[in-house]
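Asks: Provided herewith is a single structure, encoded as structure tokens, for subsequent inquiry.
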């Protein structure tokens with residue numbers, strides 16, 4: 001679903017193997033009952049109902065006060081079968097989302113906007129040079145999407161933060177505490193046309209308004225976004241417990257290379 005770069009793949013591998021060795025991203029998404037799809041580097045879940053969690057964690061220059069005083073958005077972007085982009089005027093059903101006690105119904109595609117959610121890549125500077133400090137774009141865009149304004153983050157909704165890429169599935173009772181702000185947005189996709197899904201991204205008002213240059217802290221990394229894969233697209237199987245860890249594979253590869261070099265040296269000495 002996304003363009004792959006060596007640096008991003010390496011970073012994702014380090015996140016998966018290192019766990020808490022790295023600071024948590026400022027913004028993250030998770031889905032209750034979701035799993036992490038290594039191929040798309042996205043948290044996914046099948047079915048028709050989805051509790052999507054938006055997380056904001058203070059770090060560096062991003063303080064708790066700034067998080068509580070900033071408007072955040074969740075974009076719900078339409079994805080089609082085999083990457084098919086829906087055409088304007090198509091009747092693709094509807095979906096709804098609930099924030100707090102308010103439920104909003106969205107007609108597809110008349111209730112959506114066609115284009116790309118406002119990521120910094122599309123706010124190029126005067127020299128028309130992409131800011132390499134920001135993230136690359138999703139390959140699913142442009143498509144139809146809905147930009148949803150979230151409620152403010154508050155002190156009353158906090159948990160002990162966790163890395164959603166290494167432990168997806170939503171907050172647990174053991175996460176009770178403080179440190180990471182959260183809120184839940186519930187989606188119902190039962191009315192959406194067969195073969196279509198939603199992809200979710202989280203970002204701040206700094207990105208949405210294009211008032212100034214933004215950085216990676218203003219939106220969730222692509223390895224911490226979320227997507228529905230409904231019953232017609234089953235989720236990926238859990239990893240085989242017998243498959244060696246990436247670190248073990250790396251060490252094995254180095255060992256084999258060393259053994260091959262040793263054998264070549266021995267052959268030359270024998271000659």
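The values are calculated or read from the model by the stated rules, or taken from the named source; none is laboratory data. Just so it is clear, the model here is predicted, and its values are computed rather than measured. Cβ coordinates were reconstructed from backbone atoms using ideal geometry, including for glycine residues, and neighbour counts include every protein chain displayed.
Asks: Please state which one of 108, 129 is on the phi < 0 side of the Ramachandran plot and at pLDDT 90 or above.
Replies: 108
Asks: Is the stretch 204-217 home to any residue that is out of contact with any helix residue (DSSP H, G or I) (no Cβ under 9 Å at 6 or more places or on another chain) and either modelled with pLDDT of 90 or more or part of a loop (DSSP other than H, G, I, E, B) (or both)?
Replies: No.
Asks: A further question follows. All but one of (1) in a loop (DSSP other than H, G, I, E, B); (2) touching a residue at least 40 places away in the same chain (Cβ under 8 Å); (3) out of contact with any helix residue (DSSP H, G or I) (no Cβ under 9 Å at 6 or more places or on another chain) hold for residue 178; state the number of the condition that does not hold.
Replies: Just one mismatch for residue 178, condition (2).
Asks: Only residues that are under 15 Å from residue 226 (Cβ atoms) and crowded, with 19+ Cβ neighbours inside 10 Å: list them for the stretch 25-34, please.
Replies: 25, 27, 28, 29, 30, 31, 34
Asks: Which strands (runs of 3 or more DSSP E) sit wholly inside the stretch 42-113 and have at least 2 residues that are surrounded by fewer than 20 Cβ atoms within 10 Å (Cβ to Cβ)?
Replies: The qualifying strands (runs of 3 or more DSSP E) are 49-56, 94-99, 102-107.
Asks: Can you tell me which residue within the stretch 164-175, out of those that are out of contact with any helix residue (DSSP H, G or I) (no Cβ under 7 Å at 6 or more places or on another chain) and assigned to a loop (DSSP other than H, G, I, E, B), is surrounded by the fewest Cβ atoms within 10 Å (Cβ to Cβ)?
Replies: 172
Each row is one residue, and each column tells you yes or no for (1) at pLDDT 95 or above; (2) crowded, with 17+ Cβ neighbours inside 10 Å; (3) over 14 Å from residue 31 (Cα atoms).
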| site | (1), (2), (3) |
| --- | --- |
| 198 | yes, yes, no |
| 202 | no, yes, no |
| 245 | no, no, yes |
| 250 | no, no, yes |
| 253 | no, no, yes |
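Asks: For the stretch 54-82, what are the residues that are in contact (Cβ under 8 Å) with a residue 60 or more places away in the chain and closer than 17 Å to residue 228 by Cβ?
Replies: Within the stretch 54-82, 54, 74, 75, 76, 77, 78, 79, 80, 81 qualify.
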